[in-house]
1. Tell me, what ³J(HN,Hα) does each residue in region 55-72 have, in order and in whole Hz, if you take phi through Karplus 6.51 cos²θ - 1.76 cosθ + 1.60 with θ = phi - 60° and put x for Gly and Pro?
2. Using the heavy atoms of the protein chains alone and a 1.4 angstrom probe, what is the accessible area of region 120-206 per residue in square angstrom?
3. Could you tell me, in Å, what Rg and Dmax come out for the Cα atoms of region 99-238?
4. What trypsin sites (Lys or Arg not before Pro) in region 59-104 are in a loop by DSSP, with at most 15 other Cβ atoms within 10 Å of the Cβ?
5. Give a residue-ordered list of calculated ³J(HN,Hα) values for region 102-115 (Karplus: 6.51 cos²θ - 1.76 cosθ + 1.60, θ = phi - 60°; whole Hz; x for Gly, Pro).
6. For Glu196 and Leu213, compute 0.36 nm times the residue count separating them, minus their Cα-Cα distance, and round to one decimal in nm.
7. Need one number: nm distance between label points at Asp76 and Thr246, each 7 Å from Cα along Cα→Cβ, rounded to one decimal.
8. Multiply the residue separation of Ser123 and Arg184 by 0.36 nm, subtract the distance between their alpha-carbon atoms, and state the gained length in nm to one decimal.
Amino acid sequence: RTPSMLAVARLSAAVSQLRVSPRSARAGAVHHSRRVRARRVLSAISTTNMTTASWVDEGDFEALREAMTTYDEQRDTVIKRARDITKASKVAIYCLHRGEIDKADAHIATAAQVADELLPIVSANPPLRGGSYSGGLEEYAEAVVFAHFVKHGAVPPSTHPDLARCDRDEYLGGVLDFTGELNRFCVAKATVRDAEAVKKCGEIVDALMGIFLKFDFRNGSLRKKYDSLKYTLKKVENTLYEMSLTSAAAKRSREDAGLEDEGRANVGEDE
C-alpha cells in the first residue's frame, strides 16, 4: 500500500469509532431538550418571583393571616367561657327562688370572676363583646338585680359596684329579664298569702313599666324584652286581683262563721 492509502484507511477507522447508534443519538437529543426547557422554567420562576416581590408585600399578608388566626382562637375562648357566666347566673337565680342566698352569692361571684377573666380579650377586640359574652352579662345583671331585690326590696342602679362590668344595654336587658323572675317570685308569695310581698312586686313592676315607657327602643332584643314586660305587668295585676278576691271571700267566710257562732250563742241563752 502507498502512504496515501494508509492515511485514508486510518481516517476511515477514526470516523467509524466516533459514530453512535441512532437510539443513542435520539436519547442525547431528548436529554438536551429537557435541560433547555428546565433552564427556561427556572428563568421564568425567577422572573415571576422578582415581579411578585415587587408588586405584593407578602409579609403584610402573613401578619394579617396570623391576626385572623389569633382572633378566631380568642373568639372560641370567649364563646366557651361565656357559657360559664350564663350557667352560674342561672343557678344563682334558681337559688334565690329557693331562698338560698349564700349559694346565690357564691354563683354570682363565680360569674363575675369569669367575666373579668375575659374582659381583657373583649376590650382588645370589641366585636367579641356582642353575642355570648354580652348575653352572659345580661344574665349576670339579672341575677345581681334579683339578689338585690330579695335582700333590700329595691332595684339597684346601673352604678352599683357589682354592675360596673355591664354596659348600658346589658344592664337594661338584665332589669327587663328580672321582671319575669319577679312575676315568679310574686306567685310564690301569693301561694303563702304574703300580701305585702305580692303588693311590693306589683308596685315595682308598675314603676318599671312607667319608666320604660319613656324609652324609644328600636327593633331588637331590648324591644322584645320590653314587650314582654307588658304581659308581666298584666300577670302580676291578675295575681293581685285574684288574691284580693280570695282574701275578701275568706273574710266573708269568717264573718259568716262569726255570725253563726253568735246566733248559736244567742239561741243557747234564750233556752
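The values are calculated or read from the model by the stated rules, or taken from the named source; none is laboratory data. What you see is a predicted model, and the numbers here were worked out from it, not measured in a lab. Cβ sites come from the backbone with ideal geometry, for glycine too, and all protein chains shown count toward neighbours. For the accessible areas, the whole protein counts, side chains as well, though only heavy atoms, and no ligand, DNA or RNA atoms are used. Shrake-Rupley method; radii C 1.70, N 1.55, O 1.52, S 1.80 Å.
1. The phi angles translate into 9, 10, 8, 5, x, 5, 5, 5, 5, 5, 4, 5, 5, 5, 4, 5, 4, 5 Hz.
2. That works out to 44 Å² per residue.
3. Looking at region 99-238, its Cα Rg and Dmax stand at 15.7, 52 Å.
4. On the way: sites: Arg65, Arg75, Lys80, Arg81, Arg83, Lys87, Lys90, Arg98, Lys103; in loops: Arg98.
Counting only loop positions with at most 15 other Cβ atoms within 10 Å, the trypsin sites (Lys or Arg not before Pro) in region 59-104 are Arg98.
5. For region 102-115, the Karplus-derived couplings read 4, 5, 4, 4, 5, 5, 5, 5, 5, 4, 5, 5, 5, 4 Hz, x marking Gly and Pro.
6. Working: separation 17, 0.36 × 17 = 6.12 nm, distance 2.59 nm.
Extending this stretch completely gives an extra 3.5 nm.
7. 5.3
8. Numbers: separation 61, 0.36 × 61 = 21.96 nm, distance 3.58 nm.
Taking 0.36 nm per residue and subtracting the Cα distance, the gain is 18.4 nm.
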